[in-house]
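Since the structure comes first, as structure tokens, the remarks are kept for the end.
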Protein chains: 2
Amino acid sequence: MSNFVLDRRLESDSTSIMVAGLCDVRLSKDARWPWLILVPRRADVTEIFELTPLDQVLLTFEIDLVSAALKKVTGATKINIGALGNIVRQLHVHVIARSEGDANWPGPVWGFGRAEPYRDAARNELIAKLREALSL
Amino acid sequence: MSNFVLDRRLESDSTSIMVAGLCDVRLSKDARWPWLILVPRRADVTEIFELTPLDQVLLTFEIDLVSAALKKVTGATKINIGALGNIVRQLHVHVIARSEGDANWPGPVWGFGRAEPYRDAARNELIAKLREALSL
């Protein structure tokens, strides 16, 4: 069995804020939406159905934890969850806080426009709030 | 507790092909992509994290079953899974078979262009194959 190595594009486009039982929980560097990315720390997995049943349950509960925290911290209208992987094949799950009137609302975030960077203070404040909500 | 009633837009845009333990499994009427929609038969639920933990696990296993069947039947390059709900708030999960060069590849399917209807024969053949793959 080969070891888990994070995909280079995921590494450059997001920052780890927590490591859970299964996943590396990462914040997207795109400030347009509060956007977390869960990367199961398993090598050579592209599809959710390739995970073991136990890992699928762990992933489900980590998505649940992250979604609820993101909703609590942002007060979002709707949480969007997606596992696409058409470009980056390493399995990763997007959990995004959407609010009415945000960029491309009510359409999807993927492939829309250009990423906008966070200001350091805003990113650090969001990460602190998320870590607190995730630690409950 | 109120009873589950299928959202009107989901009803008009898709056709039920199977009822699983938790979800109504529906085929989208848009022929551009082989596209299934899982609707948990629970009233007044918008977010996955509002389901009970047991229902979340059921949903996970039904997504797994449907994803593997869709991959087997279509030979797709990548399965796309999404729970958005920005327009239709009743909880529903998209499971879509994507292939290189399909409409809007490698972008997402949501909000792209106009739906194209199935020919009856093509739809019936796909439904028959999916039901067979789902019944294993």
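Annotations for the structure displayed:
- Residue satisfying all of: in the stretch B:94-129; touching a helix residue (DSSP H, G or I) at 6+ places or on another chain (Cβ under 6 Å) and not small (Gly, Ala, Ser); surrounded by the most Cβ atoms within 10 Å (Cβ to Cβ) among these: B:Val95
- Among (1) hydrophobic (A, V, I, L, M, F, W, C); (2) within 7 Å of another protein chain (Cβ to nearest Cβ); (3) surrounded by fewer than 19 Cβ atoms within 10 Å (Cβ to Cβ) - the single one A:Leu84 does not satisfy: (3)
- Residue that is among the polar types (S, T, N, Q) and modelled with pLDDT under 95, where the choices are B:Ser135, B:Ser28, B:Ser99: B:Ser135
- Which numbered condition B:Pro34 misses (of (1) closer than 23 Å to A:Glu47 by Cβ; (2) of a type outside the set (Gly, Ala, Ser); (3) over 11 Å from the mean Cα position of the chain (by Cα)): (3)
- Number of positions in the stretch B:51-65 that are more than 9 Å from chain A (Cβ to nearest Cβ), farther than 16 Å from A:Ser67 by Cα and β-branched (Val, Ile, Thr): 0
- Selection count, the stretch B:104-134, where residues are over 16 Å from the mean Cα position of the chain (by Cα), free of Cβ contacts under 8 Å to residues at least 40 places away in the same chain and part of a loop (DSSP other than H, G, I, E, B): 6
- Of residues in the stretch B:71-81 being touching a helix residue (DSSP H, G or I) at 6+ places or on another chain (Cβ under 7 Å) and surrounded by 21 or more Cβ atoms within 10 Å (Cβ to Cβ), the one farthest from B:Asp7 (Cα to Cα): B:Ile79
- Residues that are away from every other protein chain (no Cβ under 11 Å), touching a residue at least 60 places away in the same chain (Cβ under 8 Å), closer than 18 Å to B:Val109 by Cα and surrounded by 21 or more Cβ atoms within 10 Å (Cβ to Cβ) occur at least once in the stretch B:36-50.
- Condition check for B:Arg26 on (1) under 22 Å from A:Leu65 (Cα atoms); (2) in contact with a Ser or Thr (Cβ under 6 Å, 6 or more places away or on another chain); (3) basic (Lys, Arg): one failure, at (1).
- A:Leu70 meets the stated requirement of being more than 7 Å from chain B (Cβ to nearest Cβ), in contact with a strand residue (DSSP E or B) (Cβ under 8 Å, 6 or more places away or on another chain), more than 17 Å from B:Thr60 (Cβ to Cβ) and of a type in the set (A, V, I, L, M, F, W, C).
- Residue within the stretch B:114-135 that is closer than 30 Å to A:Gly113 by Cβ and either among the hydroxyl-bearing types (Ser, Thr, Tyr) or within 14 Å of chain A (Cβ to nearest Cβ) (or both) present: no
- Subset of the stretch B:9-29 (residues that are within 28 Å of A:Ala97 (Cβ to Cβ) and surrounded by 20 or more Cβ atoms within 10 Å (Cβ to Cβ)): B:Ser14, B:Leu22, B:Cys23, B:Asp24, B:Arg26, B:Ser28
The values are calculated or read from the model by the stated rules, or taken from the named source; none is laboratory data. Because the structure is predicted, anything quoted here is derived from the model rather than measured. Backbone-built Cβ (ideal geometry, glycine too); neighbour counts: all protein chains shown.
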